[in-house]
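The values are calculated or read from the model by the stated rules, or taken from the named source; none is laboratory data. These numbers come from a predicted model, not from an experiment. As a convention, Cβ positions derive from the backbone with ideal geometry for all residues, glycine included, and neighbour counts pool all protein chains shown.
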Amino acid sequence: MYVCLCYGVTDTHIREAVTAQGVCSMRQLRQTLGVAGQCGQCGKHAHCILKECLQELPDYKHTARDLPVLQRGLISEATL
């Protein structure tokens, strides 16, 4: 499914970036794929996919660095 229409990024692209390239933050995702770098409408959905992929990794740990995202209300804690 397309997540970012500005750059033609799909959820598969995001998942591959996490597993193959080690992307683990929205900043890295933006630098790698351009997600949320143009109009920003895809940011929330891309972040949810990123978190989902990271949680599937065996060594992922929920860290304090995730808290600013939660505090800004971009995603709810229930989606983590």
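Which count do you get for residues in region 13-26 that are assigned to a helix (DSSP H, G or I), within 12 Å of the chain's Cα centre (by Cα) and not small (G, A, S)? It would help to see each step written out before you state the result.
First, the residues of region 13-26 that are assigned to a helix (DSSP H, G or I): 13-21, 26.
Filter once more, so that each one left must be within 12 Å of the chain's Cα centre (by Cα): 13-18, 26.
Then drop every residue that is not not small (G, A, S), which leaves 13-16, 18, 26.
Residues that pass the stated criteria total 6.
When region 7-20 is examined, which residues are found to be of a type outside the set (A, V, I, L, M) and at pLDDT 95 or above? Even if it seems obvious, please write down each step before you answer.
Going residue by residue through region 7-20, those that are of a type outside the set (A, V, I, L, M) are 7-8, 10-13, 15-16, 19.
Selection gives Y7, G8, T10, D11, T12, H13, R15, E16.
Is it the case that region 28-43 has a residue that's loosely packed, with under 14 Cβ neighbours inside 10 Å, modelled with pLDDT under 95 and assigned to a helix (DSSP H, G or I)?
Looking through region 28-43, none of the residues is loosely packed, with under 14 Cβ neighbours inside 10 Å, modelled with pLDDT under 95 and assigned to a helix (DSSP H, G or I).
What are the residue pairs meeting all of these: first residue in region 52-67, first residue over 17 Å from L29 (Cα atoms), second residue in a loop (DSSP other than H, G, I, E, B) and at pLDDT below 55, Cβ atoms under 9 Å, and 6 or more apart or on different chains?
Filtered contacts from region 52-67: H62/L80.
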